[in-house]
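Right, one structure below, let's go through it.
The values are calculated or read from the model by the stated rules, or taken from the named source; none is laboratory data. This is a predicted model, so every value here is computed, not measured. Using ideal geometry, Cβ is built from the backbone for each residue, glycine included, and neighbour counts are taken over all protein chains shown. The accessibility values were calculated without ligands, DNA or RNA, using every heavy atom of the protein model including side chains. Shrake-Rupley method; radii C 1.70, N 1.55, O 1.52, S 1.80 Å.
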Amino acid sequence: MKQEKEQEKAPQEEQRQEAAPPAGEEPQAAASPEKEAASQDREALEKLQKEFDQHKQQYLRVLAEYDNFRKRTAHEKDAIYNNAVSDTVQAILPIADNIERALSQENASAEDMKKGVEMIEAQIKSAFEKLGVTEVGQVGDPFDPNLHNAVAHIDDENLGENVIAAVYQKGYKLGDRVVRHAMVQVAN
């Protein structure tokens, strides 16, 4: 029986050996596709890493450019404001100088003082004109709540409805912007 069992085992082992490729070939054939796949995966990973690094560098450059733009814009805004204030002060300085000269006169008559004040008023109007500031609110103008502040109201048949009867304080505009509303009395 032992011999029969051994004889049965021998043909089975031969079949296994014939079906199985040589020991050295099997791992190479299986390893080759695995190595190629791993190599392709590494290449794809390296490519993606390079793209990521490029995008990261691009993002950092854009971020730095935006930060520089923000700082530059804030600096320019400050410079524009300072230039506007400087231009306004330059327009007003001659007026302040004339007021100072008028006050330093000890022996001036009332008539001379009045004439000096009128000259200063003309100088103020000239400075406002240079700066683009216009007066708002004249007697007889129609009342506009966007430009005028009605502080009193009267009934006057000689004036039309919603017409300015008196101006208590002049108003001023710079372009379309109201600098100060005119304080007026309005007739019904």
For E34 and T73, extending 7 Å from Cα along the Cα-Cβ vector and measuring point to point gives, in nm, a value of 5.8 nm
From the cross-link list K114/K173; K115/K170; K77/K125; K71/K170, the entries with a Cα-Cα span beyond 32 Å are K71/K170
Largest-first ranking of F52, F128 by accessible area, probe 1.4 Å, whole protein assembly kept, is F52, F128
Under the 7 Å Cα-to-Cβ spin-label approximation, R180 and H55 lie apart by a distance in nanometres of 6.0 nm
So, with points 7 Å from each Cα along the Cβ direction, the I95-A150 label distance in nm works out to 3.0 nm
Expected unfolding gain across Q138-E65 under the 0.36 nm per residue rule, minus the alpha-carbon gap, is 21.0 nm
Interchain or sequence-distant (5+) residues whose placed amide H lies within less than 5 Å of the amide H of D156 are N188
Listed by chain and number, the residues whose amide H is under 5 Å from that of V136, excluding neighbours fewer than 5 places away on the same chain and using placed H, are G171, Y172, K173
With +1 on the Cβ of every Lys and Arg and -1 on the Cβ of every Asp and Glu, the dipole magnitude of the range 40-136 about its Cα centre, in debye rounded to the nearest 20, is 460 debye
Ordered by number, the GluC sites (Glu not before Pro) in the range 89-132 that occupy a DSSP loop and have at most 16 other Cβ atoms within 10 Å are E106
